[in-house]
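K.L.:
Shown below is the structure under consideration.
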Amino acid sequence: MVKRFNRAELAAFAGKPVDDLLGDKVCLLIVGINPGLWTAAVNAHFARPGNRFWPALHVAGITPHRIDSSEGMRPADAELLRLAGIGITNISPFATARADELTREQLREGAARLTALVERLQPRVVAVLGVSAYRLAFGLPATKVGPQPHRLAGCELWVLPNPSGLNAHFTLPTLAQWYGRAADAAGMPRDRPDSGAGS
């Protein structure tokens, strides 16, 4: 049974950072907006039950099974991701109950931090999951979902839908299609390649 946190327990993790998941060689760097409180509580990305990130990666054939990080990342799954060349970070490393609690200044600071990280890692593809946050963080209000015409620190850049259940416009199959396309651009093998992405 999945561990449950009460509201007070989760609130204690506001402002806490979450460790990046990075291996020696990152091909696809996945960038969330910032950690939620549940993610901070277990120090594992996209951990809140109901978040569609891990199901979408599995449906896309990027991971061989559906990873469950709701009680923390299993060492075997973390190693699987590192060996596959998948890295995970956030624009802002600090946890909030909702991403829209971040200030413009925090997002701008996060953009500078992310740029420095990308410059150091030089992944083949950077995939930022959250178009609204990306627009604010980088001051690019016309950004649309998909591959971008510009690069980030010399790396191919995609801005993709956020997997939060609050982003109901994008279904699980659509998320999987977009994430799969970014994985293809990074040259990553997939177990179940899907067809082109919708919007």
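K.L.:
Is it the case, given these coordinates, that Ala56 is open to solvent by less than 70 Å² (accessible area, probe 1.4 Å) and more than 24 Å from Cys155 (Cα to Cα)?
P.N.:
Here the answer is no, as Ala56 does not meet what is asked.
K.L.:
List every residue pair whose Cβ atoms sit under 8 Å apart, with the two residues 6 or more apart in sequence or on different chains, where the first one lies in the range 136-150 and is more than 19 Å from Glu101 (Cα to Cα) and the second, anywhere, is at pLDDT below 95 and open to solvent by 70 Å² or more (accessible area, probe 1.4 Å).
P.N.:
Going by the 8 Å Cβ cut-off, the qualifying pairs are Val145/Ser199.
K.L.:
Show the residue pairs meeting these rules: Cβ distance below 9 Å; 6+ apart or different chains; first residue within the range 49-62 and of a type in the set (S, T, N, Q); second residue open to solvent by 40 Å² or more (accessible area, probe 1.4 Å).
P.N.:
Short answer, once both residue conditions are applied: Asn51/Gly165.
K.L.:
With respect to the numbered conditions (1) modelled with pLDDT under 95; (2) touching a strand residue (DSSP E or B) at 6+ places or on another chain (Cβ under 9 Å); (3) open to solvent by less than 70 Å² (accessible area, probe 1.4 Å); (4) of a type outside the set (S, T, N, Q), which one is the sole condition not fulfilled by Leu114?
P.N.:
(1)
K.L.:
Based on this model, can you work out whether Asp77 counts as closer than 22 Å to Val126 by Cα and under 14 Å from the mean Cα position of the chain (by Cα)?
P.N.:
Here the answer is no, as Asp77 does not meet what is asked.
K.L.:
Scanning the range 12-47 for residues that are free of Cβ contacts under 8 Å to residues at least 40 places away in the same chain and under 22 Å from Thr103 (Cβ atoms), which turns out surrounded by the fewest Cβ atoms within 10 Å (Cβ to Cβ)?
P.N.:
Ala12
K.L.:
Which numbered condition trips up Val125, out of (1) touching a helix residue (DSSP H, G or I) at 6+ places or on another chain (Cβ under 6 Å); (2) open to solvent by less than 10 Å² (accessible area, probe 1.4 Å); (3) under 24 Å from Ala168 (Cβ atoms)?
P.N.:
(3)
K.L.:
Run down Thr171, Thr96 and say which single residue is in contact (Cβ under 8 Å) with a residue 40 or more places away in the chain and out of contact with any helix residue (DSSP H, G or I) (no Cβ under 7 Å at 6 or more places or on another chain).
P.N.:
Being in contact (Cβ under 8 Å) with a residue 40 or more places away in the chain and out of contact with any helix residue (DSSP H, G or I) (no Cβ under 7 Å at 6 or more places or on another chain) holds for just one of Thr171, Thr96, which is Thr96.
The values are calculated or read from the model by the stated rules, or taken from the named source; none is laboratory data. Keep in mind that what you see is a predicted model, and the values were worked out from it rather than measured. Every residue, glycine among them, receives a Cβ derived from its backbone with ideal geometry; neighbour counts consider all protein chains shown. Please note that ligands, DNA and RNA were not included when accessible areas were found on the heavy atoms of the full protein model with its side chains. Shrake-Rupley method; radii C 1.70, N 1.55, O 1.52, S 1.80 Å.
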